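The values are calculated or read from the model by the stated rules, or taken from the named source; none is laboratory data. Because the structure is a prediction, the values reported are computed rather than measured. Glycine also receives a Cβ, built like all others from the backbone with ideal geometry; neighbour counts cover every protein chain displayed. Just the protein is used for accessible areas: all its heavy atoms, side chains included, with ligands, DNA and RNA removed. Shrake-Rupley method; radii C 1.70, N 1.55, O 1.52, S 1.80 Å.
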Amino acid sequence: MPINRRQFLGAAGAAAAAAHTACESQGGASPTLSDIASIRERYPRVMRQAYLDTAAHCPLSTHTREGMQKYMDFHMYGGEEGRGEYAGEAMRAVKPQFARMIGAKPSEIAFVQNTKAGEDIVVNGLDIQAAGGNVVTNDLHYAGSIHSFLGRRKAGMDVRIVKSKNWVTDLDAMEAAIDKKTRLVAITLVSNVNGHVEDAKAITGMAHANGGYVYADIIQAAGAIPIDVKALGLDFAACSNYKWLQGCRGSGFLYVRDELQGTAVRDLLFPGYVRFNYPPWVDPADGNEDPMPFSPPTNAGRYQPGNTAREGYCGQYESFKVMEAIGVENMLVHTMALVDRVRKELPESRYRCITPEGARSPILVFIPADYEGTQARLKQANVQATMTGNRLRISPNIYNNQEDVDKLLDALV
Ligand SMILES: Cc1ncc(COP(=O)(O)O)c(C=O)c1O
């Protein structure tokens, strides 16, 4: 039954009040964060169009740009006037910030360029093929990852891709596919396909009972829904920053459970520095030292390929500050009010919803009866959403409001 505008405003108001309380209880990062409505002005693109497409990418905010700009100023002018200190502070803070967001330890976090790079570090480091092991995944995992697994299958890896049933992971089929040789189960925690939220706890239970590990792609989850990797039993996870983390491309994070570092997941990159302890490099050499002393990182930094996109991480530092001040749960309360309204008000006869009922994620997907007409109407109304394959995907964030949803519904109903 469609909810009326007053009921909707009530839900949105509750979310804003929750955010207000969260900011106050955390000391209030800045006066403009005291309610979600004022956040919107920090994302100039969303003031120009109804932007309902965070699952594709998040428009850059003024506070994120400011972090990036500060790093660029440091790069351009040097470290005086606090610029060097700022860069150091941001780079030191950003792993602990991400760790807090997903319930991990900072020592379990590595910088990676993107989600796929993180997943590849895990898959390659586990030596799956050499050990005669297999990988189990499903068709709600990211298509780029499935593409990569199909390539690995062609190269001889035993890859099992379980098909979903009615747009939901078939847990019985997953269980049947997992066996004692399963080295890795790879899933997407919130699916970009339809916003399905994987029952990660059930899947980690199945994998661990067979001696296997679980990797989760969390690019559509981190910053969108609360995550606790320990409670879910996840061994590995990765994401880029440009979607729900509200950052930019070229920077991301990999989580590797402490106990698995350098053991289950072999070192393949060996970052760090070597010292040359012999003449003419040093003279005299330190006779008590190795000629080439080398000390690799003993935390997840061991998986970092090398230098990182520092502009991106300085921007991310600012994004995290805002998200921590509001709280991911409060953000989700806000976005769920928006997606719930769309789900109720778009007529099922013309827009078949393929997001499972009860999925608690801000991604909502439909198969429109008239795909091209839908595309044209959205364009005409200046509403940004993803249209791909046969599907329409909307994915609101904290910067969206009921007027954006009005515009979408006015265009489509
Ligand atoms: C679920 C999912 N995983 C991964 C990606 C791509 O990630 P990256 O560019 O960080 O490799 C996307 C992009 O749309 C995605 O939706």
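Summary of computed values
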| item | result |
| --- | --- |
| Protection-proxy order for peptides 105-114, 43-52, 392-401, each taking the mean of Cβ atoms within 10 Å per residue, highest first | 392-401, 105-114, 43-52 |
| Total charge dipole magnitude, the chain, about the Cα centre, Cβ charges on Lys, Arg, Asp, Glu only, Debye to nearest 20 | 1100 |
| Rounded Å value of the spacing that divides the Cα centres of region 368-413 and region 83-142 | 33 |
| Average accessible area per residue (Å²) across the chain - probe 1.4 Å, nucleic acids and ligands excluded | 44 |
| Sequence-separation-based contact order of region 284-374, relative, with Cα cut under 8 Å and 6+ spacing, percent | 18 |
| Cα gyration tensor, region 138-190 - rounded (a/c under 1.5), prolate or oblate | oblate |
| Whole-number percent relative contact order across the chain, with pairs defined as alpha carbons under 8 Å at least 6 apart | 25 |
| Cα-based shape type of region 47-149, given that a ≥ b ≥ c are square roots of the gyration tensor eigenvalues and the cut on a/c is 1.5 | oblate |
| Debye-sum result for region 293-341 in log10 I(q)/I(0), which assumes one identical scatterer on each alpha carbon, at q = 0.26, 0.29, 0.30 Å⁻¹ | -0.95, -1.01, -1.03 |
| Semi-axis lengths, Å, region 330-413, gyration tensor of Cα atoms, sqrt of 5 times eigenvalues | 19, 15, 11 |
| Most mobile listed residue (224, 237, 300) in the chain, GNM with C-alpha springs under 10 Å | 300 |
| Cα-centre dipole for region 322-413 with unit charges at Cβ (Lys and Arg positive, Asp and Glu negative), debye to 20 | 280 |
| q = 0.14, 0.18, 0.19 Å⁻¹, region 104-306: log10 I(q)/I(0) [Debye, one scatterer per Cα] | -0.79, -1.24, -1.37 |
| Region 104-306 - percent relative contact order, Cα under 8 Å, separation 6 or more | 26 |
| Per DSSP, loop GluC sites (Glu not before Pro) in region 322-376 with at most 11 further Cβ within 10 Å | 348, 357 |
| Carbon plus sulfur fraction of accessible area for region 104-306, probe 1.4 Å, in percent | 55 |
| Evaluated at q = 0.14, 0.15, 0.16, 0.19 Å⁻¹: base-10 log I(q)/I(0), Debye formula over Cα of region 227-361 | -0.92, -0.99, -1.05, -1.19 |
| For peptides 362-369, 85-92, sequence by mean Cβ density within 10 Å, most packed first | 362-369, 85-92 |
| Packing-based order for 374-383, 130-139, using average beta carbon neighbours within 10 Å, highest first | 130-139, 374-383 |
| Antiparallel bridge percentage (DSSP; both residues within region 104-306; nearest 5) | 40 |
| Share, in percent, of DSSP beta bridges within the chain that are antiparallel, nearest 5 | 50 |
| Between helix 200-209 and the chain: long-axis angle, C-alpha atoms, 0 to 90°, nearest 10 | 40 |
| Crossing angle, helix 115-125 versus the chain [Cα axis fit, 0-90 degrees, rounded to tens] | 40 |
| Calculated on alpha-carbon atoms, Rg and Dmax of the chain in Å | 23.0, 83 |
| DSSP bridge pairs, region 102-203: antiparallel proportion in percent, nearest 5 | 20 |
| Theoretical ellipticity at 222 nm over the chain - DSSP helices of four or more residues, -39500 (n - 2.57) apiece, nearest 500 | -12500 deg cm²/dmol |
| Helix 143-154 vs. the chain, principal-axis angle (Cα, 0 to 90°, nearest 10) | 50 |
